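Take a look at the following structure, please.
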Amino acid sequence: MLLDPAGRRFADETRRDHNNAMALAAHGGRGLLLWSEEVQRGAAQAPFVPGSPRLDRWAFTRDRGGRATVADDLAALAPVLDRWGYRLPLELDDEARARLGAGPVYAADVVPAITFTFGGVVVDDDGVAVDEAGRAIPGLYAAGADMSDVYHQGYGGGLCLAVVSGRRAGVAAAREDSK
Ligand SMILES: Cc1cc2nc3c(=O)[nH]c(=O)nc-3n(C[C@H](O)[C@H](O)[C@H](O)COP(=O)(O)OP(=O)(O)OC[C@H]3O[C@@H](n4cnc5c(N)ncnc54)[C@H](O)[C@@H]3O)c2cc1C
């Protein structure tokens, strides 16, 4: 459950990390993340992506001085949330209450992280950078995260884009070099 400092939900949390990060950035840039014991158990035991090491990100955050805590229930969390600057009582709707359940509630004070930017260098079809008038700048190539917004303010992953555009720029540069 993701709440703003007024204690209200503002996003569909089921749309997952990138969409929630963007919603949070557009909604003041700071939020309270709450989750249940069941979610915590799953998140701590399973790797974030298959093959990667397991990491309890809640404990990792807490151990490094981040604002992360756990309490027996929402009422017991109140003093900490108050200290963090969240307006109480939190306005949890039925869906939020059902998802959190009756057991211990985990909490973290979060901000959106940057995995990718929407700015960057505009390139032509060969990956050659172009100037403001759209003219190619010979010998200057851009690829991956340095390229301008290919997703039009959305996010479809940066790794494939980096591989494809990096190869394209490399091939074009080699072709140019061999002339
Ligand atoms: C936390 C996080 C999670 C992400 N998760 C995903 C994901 O799950 N899936 C996905 O598809 N994408 C993900 N991304 C995005 C993806 O990782 C990037 O978009 C992608 O790695 C960009 O590749 P790149 O080659 O353009 O740049 P980079 O991977 O940043 O490579 C640039 C390299 O250039 C080096 N460099 C910089 N300056 C110099 C210099 N002067 N001289 C020599 N070397 C230099 C840097 O050290 C770096 O190694 C994530 C990004 C972050 C930050």
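Which ³J(HN,Hα) values, rounded to whole Hz and listed in residue order, are derived for region 58-64 from phi using the Karplus coefficients 6.51, -1.76 and 1.60 in 6.51 cos²θ - 1.76 cosθ + 1.60 with θ = phi - 60°, glycine and proline given as x?
Ordered by residue, 3J(HN,Hα) equals 5, 5, 4, 5, 4, 5, 9 Hz.
Distance between the C-alpha centers of region 85-109 and region 112-152? Whole Å please.
42 Å
Given R₀ = 35 Å, FRET efficiency for VAL171-ILE114 by Cβ-Cβ distance, to 0.05?
Efficiency, from the Cβ-Cβ distance: 0.75.
Cβ neighbours within 10 Å, averaged per peptide: list 117-123, 100-106 in order, most packed at the top.
On the way: 117-123: 14.7, 100-106: 16.6.
Descending packing order for the listed peptides: 100-106, 117-123.
Report the label-to-label distance for ALA6 and HIS152 in nanometres (one decimal), using points 7 Å from each Cα along the Cα→Cβ vector.
3.2 nm
Which of the GluC sites (Glu not before Pro) found in region 77-179 are in a DSSP loop and have at most 10 neighbouring Cβ atoms, other than their own, within 10 Å?
Working: sites: GLU91, GLU95, GLU132, GLU176; in loops: GLU132.
In loop regions of region 77-179 (DSSP not H, G, I, E or B), the sparsely surrounded GluC sites (Glu not before Pro) are GLU132.
Something else now. Just to verify a number: FRET efficiency for VAL122 and THR61, C-beta to C-beta distance, R0 = 41 Å, to 0.05?
0.65
Another question about this same structure. Mind telling me which of LEU92, LEU55, LEU33 comes out most flexible in a GNM of the chain, alpha-carbon contacts under 10 Å?
Looking only at LEU92, LEU55, LEU33, the largest GNM fluctuation is found for LEU55.
Over the C-alpha atoms of the chain, what are the Rg and the largest Cα-to-Cα span, Dmax, in Å?
When restricted to the Cα atoms of the chain, Rg and Dmax are 21.8, 72 Å.
Using helices alone, I'd like the mean residue ellipticity at 222 nm for the chain: each DSSP H run of four-plus residues gives -39500 (n - 2.57), total over residue count, nearest 500.
Theoretical 222 nm ellipticity from helices: -10500 deg cm²/dmol.
Values in this text are rule-based calculations from the coordinates and carry no lab data. What you see is a predicted model; the values in this text were computed from it and never measured. Cβ: placed from backbone, ideal geometry, glycine included. Neighbour counts: every protein chain shown.
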